[in-house]
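The values are calculated or read from the model by the stated rules, or taken from the named source; none is laboratory data. Because the structure is a prediction, the values reported are computed rather than measured. All Cβ positions, even for glycine, are placed from backbone atoms using ideal geometry, and neighbour counts span all protein chains on display.
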Amino acid sequence: MKKNCMICGEKTTYYFSKSYMANKYWDELDVDYNRCHNCGFTFSVTHQALSETEWENLNARAHYGDEDDIKSKNIDINSLIANKPPYGPMAFTLNLLAKNSIIDTYNSIDYASGYGTLAKLLRKYFDTNIQCYDPFVRDPEPLVKYISTEELSKYGLVINSAMFEHVRKREDLDKINDLVSYNGVLMLHTVICENIPKDPDWFYLTPIVHTAFHTNKSMSFLMEQWGYSDSMYSPAAKSWFLFKDRNEAITKLPRMIENINVELQTEFLFHKTGFVDYWKGF
Ligand SMILES: [Zn+2]
């Protein structure tokens, strides 16, 4: 089937396939990936063709199944390292930036927060409260404030961790950006590199629910389309911070980041007008 790129609208063609073997989290599935000729964005045509119910069931088993295993300690914690966001460094980086007035955590939300792991760390170790939203997790857990879909509004800071690789349609990405205020910041944790390897064994394809793979170029396009002018990357937090072009901190960013890097005595943050193309390959 002919499909255009959900990021730049250009032509995409078949790139490669992967066969998922059945395990305790999913059944066998053969997946075909298409790639955009213009921006390199790569996506699963197979996942896009699933019904909403099939997609939700796939997520429920694959994504939340391991959460149950973590809670019951029925899993080797080392097996999680490749797929879990670096929550600790993310919490530290958020506080570092807030203390330096680069971001404001007061009016913020963790969108697609799952069980609120980041919010719990922020609260426990940094005395910082952020709100959580997740379309699949309904029940508020102790310590974490969940808000409902109806309550969603605009935020100075939207945190989005490990979701960009789960989207099946453009609308899912636009929904996230729509929550960022006109001068706000979008924090993103995902994998973004120069080219998506034509390799069914690539580590980022391991979870069966990873369906969309972004490149430095496709992210540059998204930033332009959404009105972000500058970005910052923290290798420790494996997170990007995208700044709307009307954000007041932009002009001060280079100096502030230099000061922070000197203070921490390491290149903790990278800044660029446009998208920080930190990763060239894996
Ligand atoms: Zn494209």
Quick one: Tyr14 ticks every box in (1) within 16 Å of the ligand (Cβ to nearest atom); (2) over 20 Å from Leu173 (Cβ atoms); (3) surrounded by 16 or more Cβ atoms within 10 Å (Cβ to Cβ) except a single one, so which number is it? (3)
I'd like the full set of residues that are within 14 Å of Gly40 (Cβ to Cβ) and in a loop (DSSP other than H, G, I, E, B), limited to segment 10-24. Glu10
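From the list Val158, Val167, which residue is buried (at least 18 other Cβ atoms within 10 Å of the Cβ) and more than 19 Å from Tyr228 (Cα to Cα)?
Selected residue: Val167, the only one of Val158, Val167 that is buried (at least 18 other Cβ atoms within 10 Å of the Cβ) and more than 19 Å from Tyr228 (Cα to Cα).
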Which one is surrounded by the fewest Cβ atoms within 10 Å (Cβ to Cβ) among residues in segment 100-124 that are of a type in the set (S, T, N, Q) and not in a helix (DSSP H, G or I)? Ser101
When you go through (1) more than 16 Å from the ligand (Cβ to nearest atom); (2) in contact (Cβ under 8 Å) with a residue 12 or more places away in the chain; (3) small (Gly, Ala, Ser) one by one for Ser44, which number turns out not to apply? (1)
Does at least one position in segment 61-78 carry a residue that is in a loop (DSSP other than H, G, I, E, B), out of contact with any Ser or Thr (no Cβ under 9 Å at 6 or more places or on another chain), among the aromatic types (Phe, Trp, Tyr) and at pLDDT below 95? no
Out of Val144, Val137, I need the residue that is in contact with a Cys (Cβ under 8 Å, 6 or more places away or on another chain), under 25 Å from Lys175 (Cβ atoms) and modelled with pLDDT under 90. Which one? Val144
State whether one or more residues within segment 253-270 are part of a strand (DSSP E or B) and either in contact with a Leu (Cβ under 9 Å, 6 or more places away or on another chain) or touching a residue at least 40 places away in the same chain (Cβ under 8 Å) (or both). no
Filter result for Glu248 (under 27 Å from Pro197 (Cα atoms) and not small (Gly, Ala, Ser)): no
